[in-house]
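Heads up: the structure comes next, in structure tokens.
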Amino acid sequence: MVEKLALVGIGKIARDQHIPAIAGNPDWSLEAAVSRHASVDGVDHFETLDELLEKRPDINTISLAIPPQPRFEYAAKALRAGKHVMLEKPPGQSLAECYTLEALAKENGVSIFATWHSRYADCVPYLKEWLSRRTIRRLKITWKEDVRRWHPGQEWIWEPGGMGVFDPGINALSILTEVLPYPVHLAEAVLEFPENRATPIAANLTFADPGGADMTAVFDWRQEGPQTWDIEVETNDGNARLSLGGERLEIGGKLFKEGSNHEYANLYARMAELIKLGASDLDLTPMVHVCDAFSLGRRLNTEPFEF
Ligand code: NAP
């Protein structure tokens, strides 16, 4: 059966990824867009979620491509109306919001999916399988990008709940928590906050690994020139490097696999599967590390940031 879907928030990620991924999947039909400013050619347009729920009761799934701060209210309303809900990452601005949404999905007998698009990058399952047969000695995440290039004019990332550099950094943590054969916890964090902003522009994290591996992450939004989204791992039996955010894997210095960006296609395939199974998928472990970084992090003030 084709699932009827409404997309809420017609911004950067909706246009770059959601709309093409939905169009490419015969299990889905994009029926409506909810947007305060924009419209999508060929589909119904509503300015509010209430209007959508009233006028198109036949639409069963709502995909929320809005920033984390307003997401809870939209998700809770959609779940209470008996709709399946797909959440962009991060799934909320706090953990408690996410637990409430999980309970609401259960009470209303619908599926909720906290998407982690980077986990669905082509090379991630290969690194996971490779690591499952090895002992990690050192793991280093380097996620350095230019905030002006990837988030032009987006003020919400600098507001409470917007997470600052953890907005991309959580993608690395979503891969880390997927590929590691066991859980780790955050031991230390140093966060750099521009003195005029509420969220960090850079972070250094150190994890406690039960096997004693040296495990660190550095996130930085001030990188101009080449951009870096790498995870390097040294093990008892060779080294691996996952780069391009999960789309390229080198093992022993040689190319093992190159991907070609199926992340959002894979997310919509997974959502269709969850609905068929009557299941939900709301893994909050990447978000736990971010919340722990805000809890444990030593705060440093740095230069003001303006777009
Ligand atoms: P964006 O372009 O700044 O915003 C998306 C849309 O959300 C806006 O166009 C607006 O849509 C709606 N919106 C903004 N503020 C709102 C508010 N207060 N209340 C209701 N709706 C609001 O952001 P984005 O880059 O697409 O990111 C959205 C989410 O996707 C974030 O959680 C982000 O982490 C995630 N994401 C982004 C990227 C990326 O490359 N940008 C990649 C992966 C995931 P209308 O004008 O249509 O109402």
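A few notes on this one:
- Any hit, the range 176-194, residues being crowded, with 21+ Cβ neighbours inside 10 Å, within 15 Å of the ligand (Cβ to nearest atom) and of a type outside the set (Ser, Thr, Tyr): no
- Residue in the range 48-60 that is at pLDDT 95 or above, touching a helix residue (DSSP H, G or I) at 6+ places or on another chain (Cβ under 9 Å) and of a type in the set (Ser, Thr, Tyr) present: no
- Restricting attention to the range 199-229, the residues that are part of a loop (DSSP other than H, G, I, E, B) and in contact with a helix residue (DSSP H, G or I) (Cβ under 6 Å, 6 or more places away or on another chain) add up to 2.
- Only a single criterion out of (1) surrounded by fewer than 17 Cβ atoms within 10 Å (Cβ to Cβ); (2) out of contact with any helix residue (DSSP H, G or I) (no Cβ under 8 Å at 6 or more places or on another chain); (3) of a type in the set (Phe, Trp, Tyr) is not satisfied by Trp130, namely (1).
- Residue within the range 59-76 that is out of contact with any strand residue (DSSP E or B) (no Cβ under 8 Å at 6 or more places or on another chain), farther than 19 Å from Ala269 by Cβ and more than 10 Å from the ligand (Cβ to nearest atom) present: yes
- One residue from Gly169, Gly153 being assigned by TED's automatic domain parsing to the domain that holds Ala208, surrounded by fewer than 20 Cβ atoms within 10 Å (Cβ to Cβ) and touching a residue at least 40 places away in the same chain (Cβ under 8 Å): Gly153
- Any hit, the range 116-128, residues being assigned to a loop (DSSP other than H, G, I, E, B), of a type in the set (Phe, Trp, Tyr) and at pLDDT 95 or above: yes
- Among the residues of the range 6-20, those identified as within 19 Å of Ser260 (Cβ to Cβ) and within 12 Å of the ligand (Cβ to nearest atom) are Ile13, Asp16, Gln17, His18, Ile19.
- Scanning the range 91-104 for residues that are touching a strand residue (DSSP E or B) at 6+ places or on another chain (Cβ under 8 Å) and closer than 19 Å to His18 by Cβ turns up just one, Pro91.
- Taken across the range 82-90, residues that are in a helix (DSSP H, G or I), buried (at least 24 other Cβ atoms within 10 Å of the Cβ) and touching a helix residue (DSSP H, G or I) at 6+ places or on another chain (Cβ under 7 Å) do not occur at all.
- Ser29 more than 9 Å from the ligand (Cβ to nearest atom), buried (at least 19 other Cβ atoms within 10 Å of the Cβ) and not in a loop (DSSP other than H, G, I, E, B): no
- If you go through the range 222-240 and pick out every residue that is more than 21 Å from the chain's Cα centre (by Cα) and farther than 28 Å from Pro194 by Cα, you end up with 8.
- Criterion (of a type in the set (Gly, Ala, Ser), in a helix (DSSP H, G or I), under 24 Å from Gly162 (Cα atoms) and under 17 Å from the mean Cα position of the chain (by Cα)) met by exactly one of Ala96, Ala75, Ala103: Ala75
The values are calculated or read from the model by the stated rules, or taken from the named source; none is laboratory data. Fair warning: this is a prediction, and the values are worked out from it, not measured in the lab. Ideal geometry is used to build each Cβ from the backbone, glycine not excepted, and the neighbour counts take in all protein chains shown.
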